[in-house]
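In what follows, a structure is listed as structure tokens, so that the remarks can point back to it.
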Amino acid sequence: MNKKKSVNYAKFGYIFSIPFVVAYLIFQLYPVLYTVVIGFTDLEGLTTPVSSMHILSNPFQNFIDILKGSGAGSFRLCLFNTVVMWVCNFIPQIALALLLTAWFTDDRSKIKGQGLFKVLFYLPNIITAASVAILFQAFLSYPIGPLNSIRSSILSTFSSNFDGKGYNFLNNKAFTRGVVSFIQFWMWYGNTMVLLIAGVIGIDPAIFEAAQIDGASRTQTFFKITIPCIRTILLYVLVTSMIGGLNMFDIPHLLNRGGPDGATTTTAVYIYKQAFQNPRYQYNKAAAASIIMFVIIMILTLCLFYILRDKDEEELKKLRKKERKALKHQA
Amino acid sequence: MSSQSLSKSRDSFLIKVVVYVVCIILAIISIMPFWIMLVNATRNSEQISSHPISLIPSSHLIDNKNVFEKKPSFQPVTGFINSFIVSTGATVCALYFSSLTAYALSAYEWKLRDGFFKFIMGVMMIPAQCTMIGFFKMIYSLHLTNNLMILIIPAVASPAVVFFMRQYLQSSLSMEIVQSARIDGAGEFRTFNSIVLPIMKPALATQAIFIYVGTWNELFRPLVILTEGSKKTMPIMVSLLNGDIYRVEYGAIYLGLAITILPLIVVYIILSKYIVSGVSLGAVK
């Protein structure tokens, strides 16, 4: 009955989607296609008119140049930096988030002040990443700065021949990468924790009761019940964090301008530098790098698509199967 | 038996102590950087040079403020106004048109609907960084750089918001209400504005917060598009603080940061309940 009526209204489905579709075509699809085209051309220089760009004699030359280069400032190194800094932030992040989730959702030892802790852990996520980057830069400043003063007070107590000089933390590649990872970790573990807790709360409490009656320990309950039950959310967190991590820009760009020696230049910083800071304004190289990142992210999105596919239908099918089996059994 | 339960309760006490200690340390790590920033915003460069970390505020707030009058490349008021315009405009565009699209997706049955929804899900995660070169070249040849509208209008197509709104409508919109509005003679567009939108209020509020904060904090797109000082948004203003002009003005740098961060903290404290509970809404469903 409902269906018949709404068929008459079908045109409104199209009409109401028009603003979205138009804006999408102009501001997203066209720029994507345009970026792809630029990736195959010789377009360089801020004021070079687009009309004068030409497809290269070997259309893939930009991609080859980008992927071949190695050493400081090369795309390969940037991709490596991005992955390293993402991994170093994600592993501690998910570990801590899981630990906190286990603590906060444990019925047997009710933790007080959970609301306040959640609010405080989530706080860094809401702050402008640009401000956070500059703030940490100020903390690491050389020769005088908060971290330097901690360092010298520790060294002067434990070592008699400390020269009292400051240390330029942002000149140390591994340390700077570590700081970027730490900031990302610090900004995102609260978010991950809140997601995981919501997932655990969604689990049927009867399962936990059953486990408790069967004498399962907390650790057993957590690893054998909780984690398998929040698998979807864990995957969601993993994929969204990967996509976010691959686009890491604000923190590495502002903390130390991708340095020292290109050690914190991520692929997004690389794209920005090629197009807008390189004196030659190499839009073609930047576009080619964008396309490579685009392909990687599309593959990850497909994974996400697979994770979020309609589970209700599948579960319904499974239920029906079970019912049929049960009926057979009875018969 | 009793000794076993005793050791068990001692264990759980020990676990509780560990939990609280870890949580308190994490809470301090969350607050400490901002506290040091606020305190240093009130101290002058000499004080910060001799003792970079202090927990007690000093009295040089005004001196630090005056630095920005002498060296005015960091303009917080301009940044604030521009960010306000962009964030408000983008939030309104994203909310209204995403709701409209979500309504089209859940209230009507049309041929391309499922394909369209799958498409929206597919492009949901494409980040601005990947399309920036084409976007910039398009804007540049249209002479629209330094135009704030160019950061607002594209929000009309926000796939992630459409996705979230559709999920919400699927669970909370009953077609009976829409049908009765039709019987009363309301047009489809009017039904959406006066009946469906109010139903979506809770979802709109949650999304409004996240879109607003997200737009406010965005650096990449504004950095590429806005080059004129008078058009810069807050995050770009902040990035000017690490320029050479403010090299030794430690207090002023901290004050500049505090000006950009404090409003967010205040808003967060007021809305924290909704924010923390809103984080998981999109993902869990």
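The values are calculated or read from the model by the stated rules, or taken from the named source; none is laboratory data. Since this is a predicted model, take the numbers as computed values, not measurements. Please note: Cβ atoms are built from the backbone with ideal geometry, for glycine as well, and neighbour counts cover all protein chains shown.
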Within segment B:97-134, the count of residues that are among the hydroxyl-bearing types (S, T, Y) and free of Cβ contacts under 8 Å to residues at least 60 places away in the same chain comes to 2
Taking the conditions exactly as written (more than 29 Å from the chain's Cα centre (by Cα), of a type in the set (A, V, I, L, M, F, W, C), surrounded by fewer than 18 Cβ atoms within 10 Å (Cβ to Cβ) and part of a helix (DSSP H, G or I)), does A:I150 satisfy them or not? yes
What number of residues within segment A:121-141 satisfy the criterion of being touching a Leu at 6+ places or on another chain (Cβ under 6 Å) and not in a helix (DSSP H, G or I)? 2
Among the numbered criteria (1) in the same structural domain as B:P159 (by TED's automatic domain parsing); (2) buried (at least 18 other Cβ atoms within 10 Å of the Cβ), which single criterion is violated by B:N40? (1)
If A:L196 satisfies all but one of (1) more than 10 Å from chain B (Cβ to nearest Cβ); (2) over 15 Å from the mean Cα position of the chain (by Cα); (3) in a helix (DSSP H, G or I); (4) among the hydrophobic types (A, V, I, L, M, F, W, C), what's the number of the condition it fails? (1)
Among A:L100, A:L79, A:L123, A:L96, the single one that is surrounded by 15 or more Cβ atoms within 10 Å (Cβ to Cβ) and under 25 Å from A:V295 (Cβ atoms) is A:L79
What are the residues in segment B:95-130 that are of a type in the set (F, W, Y), more than 8 Å from chain A (Cβ to nearest Cβ) and within 22 Å of the chain's Cα centre (by Cα), if any? B:Y96
How many residues does segment B:87-121 contain that are farther than 20 Å from A:I15 by Cα, crowded, with 21+ Cβ neighbours inside 10 Å and among the hydroxyl-bearing types (S, T, Y)? 2
If B:G251 passes every condition in (1) more than 24 Å from B:Y268 (Cα to Cα); (2) in a helix (DSSP H, G or I); (3) more than 11 Å from every other protein chain (Cβ to nearest Cβ); (4) not charged (D, E, K, R) but one, which one does it miss? (3)
Output the residues belonging to segment B:108-127 that are of a type outside the set (G, A, S) and part of a helix (DSSP H, G or I). B:R113, B:D114, B:F116, B:F117, B:K118, B:F119, B:I120, B:M121, B:V123
Do we have B:I261 as within 30 Å of B:T101 (Cβ to Cβ), modelled with pLDDT of 90 or more and either crowded, with 20+ Cβ neighbours inside 10 Å or not aromatic (F, W, Y) (or both) here? no
Looking at segment B:72-86, can you tell me whether even one residue there is farther than 26 Å from B:I211 by Cα and either buried (at least 23 other Cβ atoms within 10 Å of the Cβ) or small (G, A, S) (or both)? yes
In the set B:I28, B:I53, which member is in a loop (DSSP other than H, G, I, E, B), within 13 Å of chain A (Cβ to nearest Cβ) and either surrounded by 15 or more Cβ atoms within 10 Å (Cβ to Cβ) or without any contact (Cβ under 8 Å) to a residue 24 or more places away in the chain (or both)? B:I53
List pairs: first residue in segment A:63-79 and without any contact (Cβ under 8 Å) to a residue 12 or more places away in the chain, second residue assigned to a loop (DSSP other than H, G, I, E, B) anywhere in the structure, Cβ distance under 6 angstrom, at least six positions apart or on different chains. A:R76/A:S70
So which residues in segment B:219-278 are of a type in the set (D, E) and either at positive phi or without any contact (Cβ under 8 Å) to a residue 24 or more places away in the chain (or both)? B:D244
Of the residues A:Y167, A:Y142, only one is more than 10 Å from chain B (Cβ to nearest Cβ), touching a Lys or Arg at 6+ places or on another chain (Cβ under 9 Å) and farther than 23 Å from B:F210 by Cβ; which? A:Y167
Qualifying helices (runs of 4 or more DSSP H) (wholly inside segment A:1-120; at least 3 residues being among the β-branched types (V, I, T) and within 11 Å of chain B (Cβ to nearest Cβ)): A:10-24, A:30-39
Quick one: would you say B:I265 is within 8 Å of chain A (Cβ to nearest Cβ) and hydrophobic (A, V, I, L, M, F, W, C)? yes
Residues that are surrounded by 12 or more Cβ atoms within 10 Å (Cβ to Cβ), over 31 Å from the mean Cα position of the chain (by Cα) and not in a helix (DSSP H, G or I), drawn from segment B:179-211: B:A186
Look through B:S73, B:S59 and report the one residue that is touching a residue at least 24 places away in the same chain (Cβ under 8 Å), more than 19 Å from the chain's Cα centre (by Cα) and not in a helix (DSSP H, G or I). B:S73
Segments classed as helices (runs of 4 or more DSSP H), wholly inside segment A:205-282, with at least 1 members that are small (G, A, S) and under 20 Å from B:P222 (Cβ atoms): A:231-246, A:267-272
Across (1) exposed (fewer than 13 other Cβ atoms within 10 Å of the Cβ); (2) of a type in the set (F, W, Y); (3) under 32 Å from the mean Cα position of the chain (by Cα), A:F175 clears everything bar (1)
Can you find a residue in segment B:216-230 that is part of a helix (DSSP H, G or I), out of contact with any Asp or Glu (no Cβ under 6 Å at 6 or more places or on another chain) and away from chain A (no Cβ under 12 Å)? yes
